[in-house]
1. Please report the net charge: other residues with Cβ closer than 12 Å to the Cβ of Val459, K and R +1, D and E -1.
2. When the helix-only estimate is applied to the chain (DSSP H runs of n ≥ 4, each -39,500 (n - 2.57), divided by the residue count), what is the mean residue ellipticity at 222 nm, nearest 500 deg cm²/dmol?
3. For the range 295-406, just say rounded, prolate or oblate: build the C-alpha gyration tensor, square-root its eigenvalues into a ≥ b ≥ c, call rounded for a/c under 1.5, and beyond that prolate if a/b exceeds b/c, oblate if not.
4. PRE reach from Gln246 (point 7 Å along Cα→Cβ): which of the range 362-405 fall under 11 Å by backbone N?
5. All other residues with a Cβ under 15 Å from the Cβ of Glu95 taken together, and with Lys, Arg as +1 and Asp, Glu as -1, what is their net charge?
6. Can you compute the FRET efficiency between Arg163 and Glu634 using 1/(1 + (r/R0)^6), with r the Cβ-Cβ distance and R0 = 60 Å? Round to the nearest 0.05.
7. For Ile647, what charge total do you get from the other residues with a beta carbon under 14 Å from its beta carbon, if Lys and Arg give +1 and Asp and Glu give -1?
8. Could you work out the per residue convex hull volume over the alpha carbons of the chain, in cubic angstrom?
Amino acid sequence: MTSVSLPPSLEANPRLDQWVAFVPGQQVRVHTGKVELGQGILTVVAQIAAEELDVAPEQVRIVSGVTRDTPNENYTSGSLSVMTSGAAVRLVCAEVRRLLLLRAAEKLSCDPASLSIESGRFLRDGTPTEHDYWTLAPEVDLARSTTGTAQIKTAGDFRLIGRSLPRLDLPAKLKGGAFIHDFAPREALHARVIHQPWRDASLAGFDEETFRRKTRSRIEVLREGNFLALLSSDEYAVEAIVAVAQSLCTWERGSAVPDDAGQVDWLKRQPADSRIISHGSHGAAPDGDYRGSHRALFSRPYLAHGSVAPSCALAIFEDGRLTVWTHSQGVFPLRKALSDVLQVDPELIDVRHQQGAGCYGHNGADDAAFDAAFIATRRRGQLVRVQWTRADELTASPLGAAMAVEVSADMDPQGKPANWALEIWSGPHGQRPGMGGFPNLEGAYALPNPAPRPRLKDVPDSSGGGAARNAFSLYDLPDQRSIVRFLPEIPIRSSSLRALGAFGNVLAIECFMDELAEIAGEDPIEYRLSLLSDYRAREVIEAVRDMSGWNGRSQEAEPSAKALGIGFSRYKNKAAYAAVVAQVEVDEDVRVTHVWAASDAGLVINPDGASNQVEGGIIQAASWTLKEAIRFAEGRPSSVSWDEYPILRFSEVPEVTVRFIERPEESPLGVGEVAQGPTAAAIANATARALGVRIRDLPLTRERILAAIA
């Protein structure tokens with residue numbers, strides 16, 4: 001018998017009853033280990049389940065990210081939720097529908113083909129019967145492994161897939177009750193943690209006598225090793241005293257961060273573990289003389305997640321059980337990490353996802369959860385609520401890794417690239433809890449006698465890569481190689497930030513493509529198309545060309561204050577395709593006025609939700625490209641507020657137009673991170689065209705513009 005290939009989430013959680021249950025009130029409860037980050041995944045999962053089960057969307061209840069109740073789907077990351085969890089739910093629901101339909105046919109002594117289902121009720125030749133899912137569910141055992149052989153619906157049968165159904169998560173958010181920050185019971189013990197200013201800093205002194213005098217004993221101090229927390233039943237009192245407590249701390253030793261951390265020269269000076277990746281070839285390199293070669297170096301700085309709301313968590317340790325509420329993107333890996341550090345049986349820990357401010361990657365959520373959980377074990381029976389400050393969020397959260405990327409190529413007599421090479425300098429893009437088999441919770445290293453820190457590693461290539469993500473260009477090049485210089489000894493905690501290394505690599509590849517087109521005297525879009533045989537890639541580029549009114553070689557005219565630029569990639573070379581054109585106006589600053597994006601995401605479950613993903617990615621990437629950079633001083637990040645870490649304002653948001661290439665016959669492809677690299681490249685290319693000079697280091701600040709045109 002031939003084995004059926006199942007989505008990874010279903011391979012790991014094969015039992016049907018792990019995913020679906022029929023509950024009173026004519027409701028279907030669908031369980032998913034993926035969580036809502038603002039990307040609309042809960043709506044999509046409900047839509048898929050309702051489609052395959054032939055029930056109304058309002059009959060579906062989603063349970064998400066609860067370790068006690070939902071399948072373990074690891075992290076919500078990598079633009080994989082629809083591709084893995086969505087695919088699993090689709091197969092499970094199709095199989096459950098088949099099992100119950102066969103049972104109904106047995107009860108009715110009829111041909112299953114004569115039965116149909118509407119809102120969970122069985123009809124025979126269009127006439128209602130006395131049976132429905134809820135009457136028959138007790139007679140069908142779902143505690144069995146899926147076969148993966150049930151027929152899923154095809155495009156011609158869709159009622160719900162492909163429609164923009166309303167988001168399930170928005171009503172509660174609009175009423176101010178959906179976010180973890182809104183969960184503040186009166187009995188909570190409020191905590192603020194004084195974090196180490198740099199890695200492994202030692203708290204040499206805390207002037208507790210002065211602190212007590214200033215607070216008049218209204219604030220409790222919890223200190224163990226270098227872990228220092230302030231506790232009070234009065235949230236406003238504990239919040240007001242944080243700055244005082246910080247001023248009374250003396251820190252020494254540890255790994256202070258130099259002021260130039262993240263700059264190209266600093267990155268190149270760091271010890272590196274180097275490897276060479278040879279990529280597939282599109283034929284042999286041409287013989288004969290090359291007309292020349294070209295080389296260019298690009299960089300991105302350390303970036304913060306910059307969520308509007310700082311991290312927050314709650315925890316209670318009661319009757320030997322630890323319950324944690326968190327906006328972590330990986331409740332199961334977090335549970336394992338908490339178990340390892342706190343020495344509590346994982347079966348006695350329940351981690352429950354509660355939505356937080358939008359974040360694509362590893363921000364402070366897991367660390368805030370550890371703070372709350374650790375304090376809860378020291379204040380048993382009390383509900384502990386930890387709220388980070390804005391400064392905590394910008395300085396104590398993991399950062400997106402700084403990168404330097406140098407691209408080089410020879411040019412053949414026709415002006416096409418050969419001997420293509422990408423050299424990358426970067427720290428890790430993945431240090432989430434559980435990665436590498438280690439807890440990776442910063443608060444754990446502040447405790448007495450912490451475990452040794454592991455040697456840093458990056459996201460493996462089998463998981464899409466970290467620094468090497470999208471290092472391989474999708475263009476038809478005769479040969480490609482990447483030299484990845486991974487920096488394992490950097491004193492800065494960098495981890496997953498939306499698109500990981502793809503942001504820097506696509507920026508470099510696509511800007512370099514524009515430079516080669518200019519050298520060859522060709523239009524940037526025509527030059528790209530001449531190097532692409534992938535018909536889906538070509539189609540998104542051609543679509544965005546038409547959407548934006550790109551008019552060929554006129555884009556290469558003399559520099560002017562307004563210009564268009566293009567960027568393209570396929571995220572991880574296996575998720576969705578995106579081509580982006582940006583229009584900019586440049587004087588002393590760069591202002592993005594309009595962005596067009598064409599994407600091929602295969603089957604799009606919810607078009608409005610998918611558009612939201614691309615639009616949000618474009619706006620965030622524009623902010624990274626124009627404004628954002630973490631800076632360092634006195635051994636630590638000095639960007640502690642929006643003044644020192646500006647982000648794109650509402651008044652600066654460009655008009656955005658998104659179009660999807662319709663491919664309902666194809667499998668869904670992830671879109672959550674598809675726009676980041678192409679948008680940055682499109683803005684950088686448009687800016688170069690407007691200025692007549694290239695700026696290769698992000699962000700494209702006023703200082704860099706003035707220096708370039710000087």
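The values are calculated or read from the model by the stated rules, or taken from the named source; none is laboratory data. All values reported here derive from a predicted model rather than from experimental measurement. Here the Cβ positions follow ideal geometry from the backbone for every residue, glycine too, while neighbour counts run over all protein chains shown. For accessibility, only protein heavy atoms count, side chains too; no ligands or nucleic acids. Shrake-Rupley method; radii C 1.70, N 1.55, O 1.52, S 1.80 Å.
1. In short, +2.
2. Mean residue ellipticity, 222 nm, calculated: -8000 deg cm²/dmol.
3. Prolate is the answer for the range 295-406, as a/c is 1.5 or above and a/b outweighs b/c.
4. Hits in the range 362-405 for Gln246 at 11 Å: 389-396.
5. My count for the surroundings of Glu95 gives +1.
6. 0.65
7. -1
8. With only Cα atoms used, the chain gives 174 Å³ per residue.
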